[in-house]
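Colleague: First the structure, then my questions, so here it is.
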Amino acid sequence: MLDALVQSSAVELFQSRGIAVAPLPSSVGNPHKGTYFGLAGVVTMTAPKASGSLTLSWADPVFSLFTPPVPATSLGARDLLRELTNQLAGRVKNRLLNFTLMLTIGVPTVLSGQALERQRPNRETEVVYLFRTLRGEIVITLDLAIEGDALNYSNTNRVAKEGDFIAF
C-alpha cells in the first residue's frame, strides 16, 4: 500500500510542475550502491505509532526540466529541492490521513548526496523508489516504521486534492 501511495504522490507532484515521471519497481536499499545524487532533500516524519524519514534526490540534468530551468549548482537548486521534499512529504501525510495516521513533518533540509550516504546507514525498513524522466532519474527513499495496528482505513477524513481552496 505504501508503494502505491508514494509512487502516485511523486507522479502527481512532478506532474504539477510539468515534468513527466515514470515509476520503476521499488526495492529495499542496496548497501553496495549509492542511493543519492549530488543533492538530497530529507525530512523526518513522526506520529505516536510511526517514525522515520523521506528523502528526495535527482540527477543534475533533471534540474533543466523545470520552468524556468534551474542550474544544478545554484542556491535556487537547494531551495527547489527543499520545497519539493516538503511538498512530497505533505502529499504522503495527506494520503495517510485516510488510514487514521496523522504524521508530523519536520523541517526539510538539503545535504550533498555523499553526506547523506555517510550519515544514514541503509536499514531493513528503507524502501527505494526510482523514477525515470527525459533527463535522468529521481530517487525517493522512505524509511517509515509503522506499528501494525496504526493503519485503519477510514473514509471519514476529507483529504484536500490538488487545486482545492483551503481557508485558513
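No lab work stands behind these numbers, since they all come straight from the coordinates. All figures in this text were calculated on a predicted structure; none of them were measured in a lab. For neighbour counting, all protein chains shown are included, and Cβ atoms are generated from backbone atoms with ideal geometry for every residue, glycine included.
Colleague: Quote the relative contact order of segment 16-84 in percent (integer), defining contacts as alpha-carbon pairs under 8 Å separated by 6+ residues. Intermediate results must be reported in sequence, preceding the final value.
Modeller: Working: 60 pairs, mean separation 18.4, N = 69.
That works out to 27 percent.
Colleague: I need the shape label for segment 1-70. Rule: rounded when a/c is under 1.5, else prolate if a/b > b/c, else oblate, with a, b, c from the alpha carbon gyration tensor. Present the calculation step by step, with values, prior to reporting the outcome.
Modeller: On the way: a/c = 1.69, a/b = 1.40, b/c = 1.21.
Here segment 1-70 falls in the prolate category.
Colleague: Also, quick follow-up: If you line up the long axis of helix 2-16 against the longest principal axis of the chain, both from Cα atoms, how many degrees apart are they, to the nearest 10?
Modeller: Computed tilt is about 50 degrees.
Colleague: Counting just the Cα atoms, what span does segment 69-158 cover along each of its three principal axes? Round to the nearest Å and put the largest first.
Modeller: Projected onto the principal axes, the Cα atoms of segment 69-158 cover 44, 30, 27 Å.
Colleague: Over the chain, what relative contact order in percent results from Cα pairs under 8 Å that are six or more residues apart? Present the calculation step by step, with values, prior to reporting the outcome.
Modeller: On the way: 299 pairs, mean separation 55.4, N = 168.
This gives 33 percent for the chain.
Colleague: Find me the longest stretch of the chain that has none of the exposed GluC sites (Glu not before Pro), where exposed means in a DSSP loop (not H, G, I, E or B) with at most 11 other Cβ atoms within 10 Å. Intermediate results must be reported in sequence, preceding the final value.
Modeller: Numbers: sites that count: E124, E162.
For GluC sites (Glu not before Pro) (loop position, at most 11 other Cβ atoms within 10 Å), the longest site-free span of the chain is 1-123.
Colleague: Give the peptides 46-59, 97-110 in descending order of average Cβ contacts within 10 Å, highest first. Show your work: numbers first, answer last.
Modeller: Numbers: 46-59: 19.3, 97-110: 16.0.
So the order, starting with the most tightly packed, is 46-59, 97-110.
Colleague: Helix 75-96 against the longest principal axis of the chain: what's the angle in degrees, Cα atoms only, rounded to the nearest 10?
Modeller: 20
Colleague: How big is the charge dipole of segment 37-162 about its Cα centre, in debye rounded to the nearest 20, if each Lys and Arg gets +1 on its Cβ and each Asp and Glu gets -1 on its Cβ? Intermediate values should be presented prior to the final figure.
Modeller: On the way: 13 positive and 11 negative charges, 53 e Å.
Here the size comes out at about 260 debye.
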